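The values are calculated or read from the model by the stated rules, or taken from the named source; none is laboratory data. If you're wondering where the values come from, they're calculated on a predicted model, not measured in any experiment. Note that each Cβ is placed from the backbone with ideal geometry, even for glycine, and that neighbours are counted across all protein chains shown.
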Protein chains: 2
Amino acid sequence: MSHYFGIDIGGTTIKIGLVSEGGEIGVRRELPTRKGADPTPVLQDIRMTLEEILAEEGLERADISGIGMAVPGPVTDDGILHGTVNIGWGDVALGQLAQKVIGISPVCIGNDARVAALGEAVYGAGRGANSMLMVTLGTGVGGGIIQNGQILMGESGVAGEIGHMTIDPYETESCGCGKKGCLEQYASATGVVQRAKRLLQEGDEASSLRHLPRMSAEDVWAAARGGDVLAMQVVDFAAERLGIALANAGYIVDTERIVIGGGMSRAGDFLLNKICPAYQKQVFPHCRNKEIVLAALGNDAGVLGAAALVQKGNGKHSEKVE
Amino acid sequence: MSHYFGIDIGGTTIKIGLVSEGGEIGVRRELPTRKGADPTPVLQDIRMTLEEILAEEGLERADISGIGMAVPGPVTDDGILHGTVNIGWGDVALGQLAQKVIGISPVCIGNDARVAALGEAVYGAGRGANSMLMVTLGTGVGGGIIQNGQILMGESGVAGEIGHMTIDPYETESCGCGKKGCLEQYASATGVVQRAKRLLQEGDEASSLRHLPRMSAEDVWAAARGGDVLAMQVVDFAAERLGIALANAGYIVDTERIVIGGGMSRAGDFLLNKICPAYQKQVFPHCRNKEIVLAALGNDAGVLGAAALVQKGNGKHSEKVE
């Protein structure tokens, strides 16, 4: 039976899973991410953990069909990771380096948002669809497009970056990316909280959000669900802008399914019931019945997607050495 | 040597070409398009013309490797044409019907904008690129995406419909499609003329456009090139909104090349010199050097793209009968 290591490298934590062919995570580990310009120490940390898992499970390196890695930065088709803001790495052929340090092949790498989308496509909410757009509503807004089990990479590695689609050409405030009017400014957790704070400041309307010591996007969604008028205005605005972005993406790729993930997706059906009509308002009549569903894998999407990178031959830039 | 019939069915004219394997149009014909709910009379007209061409060229039906047809309506992956506003047809499996009426197989069909994009990808300005977004700036704004010689169809047949991407969420006027704020309202020939007229009406600024009896988008571009300040405002606005749309499309598919076609593309390098900086303003720094080029095939894109449908096995829903 085939085993894969799925590794989700985040800015603070590295999640590691020993994943079966069928997408079961048999063993899980978490390590802190060492910051610095050189990825080698991080890869050595990973190597040690993988060796521990192999020893505990009575497995040899040869029993592993490959390693998949999700990384927090843009990855192009040639297997180059183009820097990670959160960790400090520059441009690096990470798959090749990892294979050398760890001694298991092949090593496949992919951008974390795209890899999570692949995880959902292969093992989660995208199962059975030929094509899928995933949108991750977290601190920022990420995304990924999967066509027939393959990540759509794009020429510059930005395909699926729906968070930086311009939605409002009149916006005066800047997005974290430097542009103005990006979806992320409206539909991310950060954007939702900022808008709530602004509305609270601008008016003196009663709101359950008014006296919260530290407001989170979850608080705003919960207040909206509870009938808070100001919170409802905030989430309606976020959903409306997201509806425009999903429709715009549809006019370009028109996937069979749209999967909504990330922290904000915990608002569940209440969120979907906001997003669906906002989307339908923006599309041709015959596109209105598109399936928009919630992500199913939660925090496991990265590890499972990383394993799926190897299974589906995505991002394979270091060959299996026999 | 293989021959194909490439047929571009428009609302008023049907263009027919006998196309060689290498993309040369050997024989050309044009017929008027008979309006009505039933496509059969139109297909009979086409059959007669094809038989004339075969007789003149000393060819048999068996010498033809297939027929490609570009049609002015949405086509889904199952080979169904979902109505044509301009001709009057409803939903029809046009390829199968055409094969029965004409007696040549296979017959491949595709949406006209997507087929023109395929023509440019295979024989024109997209040659050599793995992926291409084509945008057609005509009376409306059309588009198509080609990945590795295949039209990206999408689930509902709208993939590539960049003209109906929402660019301005505050727009109060309606697009022809019923939505508000579509790219087509700003970057089509119609949109450019409307904006010029509005600016002329709102102010009394001197402009060479002021006393034209019937203004065309070409007049506006020519006036801008000649230094007319009002005309320059109009084309800068169109280019800015197009830049947003191209960047937004890039965040979704991120093609290797962008090809600009349609009547307005006759403004040539002057147009490109407006579009490129408008695009670059909207994208991540590492995406700024994307190739944006003018279409190369002019009015032949439809006929050549239709032939390419057969050559590349696109939209093939009627099999070759031996």
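Restricting attention to segment B:253-289, which residues are buried (at least 21 other Cβ atoms within 10 Å of the Cβ), facing chain A (nearest Cβ under 9 Å) and assigned to a loop (DSSP other than H, G, I, E, B)? Residues satisfying the conditions are B:V253, B:D254, B:T255, B:Q282, B:V283.
Within segment A:28-40, track down each residue that is at negative phi and either of a type outside the set (V, I, T) or over 22 Å from the mean Cα position of the chain (by Cα) (or both). Of everything in segment A:28-40, those that are at negative phi and either of a type outside the set (V, I, T) or over 22 Å from the mean Cα position of the chain (by Cα) (or both) turn out to be A:R28, A:R29, A:E30, A:L31, A:P32, A:R34, A:K35, A:A37, A:D38, A:P39, A:T40.
Rundown of residues vs (1) free of Cβ contacts under 8 Å to residues at least 60 places away in the same chain; (2) hydrophobic (A, V, I, L, M, F, W, C), yes/no style:
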residue	(1), (2)
A:G124	no, no
A:I162	no, yes
A:C182	yes, yes
A:L199	yes, yes
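B:I80 satisfies every condition listed in (1) over 29 Å from B:A296 (Cα atoms); (2) touching a residue at least 24 places away in the same chain (Cβ under 8 Å) except (2).
Tell me, yes or no, whether segment A:57-67 has at least one residue that is out of contact with any strand residue (DSSP E or B) (no Cβ under 7 Å at 6 or more places or on another chain) and closer than 18 Å to A:G144 by Cβ. No, segment A:57-67 contains no residue that is out of contact with any strand residue (DSSP E or B) (no Cβ under 7 Å at 6 or more places or on another chain) and closer than 18 Å to A:G144 by Cβ.
Among the candidates B:R241, B:R257, B:R288, which residue alone is more than 19 Å from B:I167 (Cβ to Cβ) and at pLDDT 95 or above?
On inspection, the qualifying residue turns out to be B:R257.
Going through (1) at pLDDT below 95; (2) outside any loop (DSSP other than H, G, I, E, B) one by one, B:L133 falls short only on (1).
Could we say that B:A117 is at pLDDT 95 or above and within 26 Å of B:V92 (Cβ to Cβ) here? The answer is yes for B:A117. Among the numbered conditions (1) at pLDDT 95 or above; (2) within 24 Å of the chain's Cα centre (by Cα); (3) surrounded by fewer than 24 Cβ atoms within 10 Å (Cβ to Cβ); (4) not assigned by TED's automatic domain parsing to the domain that holds A:N248, the only one that A:R47 does not meet is (2). Per the listing A:M134, A:M69, the residue uniquely out of contact with any Phe, Trp or Tyr (no Cβ under 8 Å at 6 or more places or on another chain) and away from chain B (no Cβ under 13 Å) is A:M69. Among the residues making up segment B:227-252, those that are under 26 Å from A:V158 (Cα atoms) and either of a type in the set (S, T, N, Q) or within 7 Å of chain A (Cβ to nearest Cβ) (or both) are B:I244, B:A247, B:N248, B:A249, B:G250, B:Y251, B:I252.
So is B:R61 under 18 Å from B:S105 (Cα atoms) and in contact (Cβ under 8 Å) with a residue 12 or more places away in the chain or not? Criteria met by B:R61.
Among residues belonging to segment B:1-38 that are of a type in the set (A, V, I, L, M) and at pLDDT below 95, point out the one that is farthest from B:N314 (Cα to Cα). Give the derivation first.
Step one: of segment B:1-38, the residues of a type in the set (A, V, I, L, M) are B:1, B:7, B:9, B:14, B:16, B:18-19, B:25, B:27, B:31, B:37.
Now restrict to residues that are at pLDDT below 95: B:1, B:37.
Details: B:M1: 20, B:A37: 26 Å.
The residue in question is B:A37.
Only helices (runs of 4 or more DSSP H) whose full extent lies in segment A:178-234 are considered here, and the ones with at least 2 residues that are aliphatic (A, V, I, L, M) are A:189-202, A:217-225. Whenever a residue of segment A:215-234 is under 15 Å from A:Q194 (Cα atoms), its partners that are surrounded by fewer than 23 Cβ atoms within 10 Å (Cβ to Cβ) and of a type in the set (F, W, Y), lying with C-beta atoms within less than 9 angstrom and at least six residues away or across chains, give the pairs A:W221/A:F270. For segment A:164-179, filtering for residues that are among the acidic types (D, E) and in contact (Cβ under 8 Å) with a residue 24 or more places away in the chain leaves 1.
Within segment B:150-160, if we keep just the residues that are within 9 Å of chain A (Cβ to nearest Cβ), under 19 Å from the mean Cα position of the chain (by Cα) and not β-branched (V, I, T), the residue that is farthest from B:T84 (Cα to Cα) turns out to be B:L152.
Could you tell me how many of the residues in segment B:12-23 are within 13 Å of B:A308 (Cβ to Cβ) and outside any strand (DSSP E or B)?
Here is the first cut: in segment B:12-23, the residues within 13 Å of B:A308 (Cβ to Cβ) are B:17, B:19-23.
Next cut, outside any strand (DSSP E or B) only: B:21-23.
Final tally of qualifying residues: 3.
Is it true that some residue in segment A:66-75 is more than 30 Å from B:C287 (Cα to Cα), touching a Cys at 6+ places or on another chain (Cβ under 7 Å) and modelled with pLDDT of 95 or more? For segment A:66-75, residues more than 30 Å from B:C287 (Cα to Cα), touching a Cys at 6+ places or on another chain (Cβ under 7 Å) and modelled with pLDDT of 95 or more: present. Per the listing A:Q201, A:Q147, A:Q96, A:Q194, the residue uniquely more than 14 Å from the chain's Cα centre (by Cα), within 11 Å of chain B (Cβ to nearest Cβ) and surrounded by fewer than 23 Cβ atoms within 10 Å (Cβ to Cβ) is A:Q147. Restricting to segment B:161-177, and then to whatever is surrounded by fewer than 15 Cβ atoms within 10 Å (Cβ to Cβ) and assigned to a loop (DSSP other than H, G, I, E, B), can you tell me which residue is nearest to the other protein chains (Cβ to nearest Cβ)? Per the stated criteria, the residue is B:Y170. Taking segment A:102-141 as the range and being under 16 Å from A:I9 (Cα atoms) and not charged (D, E, K, R) as the test, the residues that pass are A:I102, A:V107, A:C108, A:I109, A:G110, A:N111, A:A113, A:V115, A:A116, A:A117, A:L118, A:G119.
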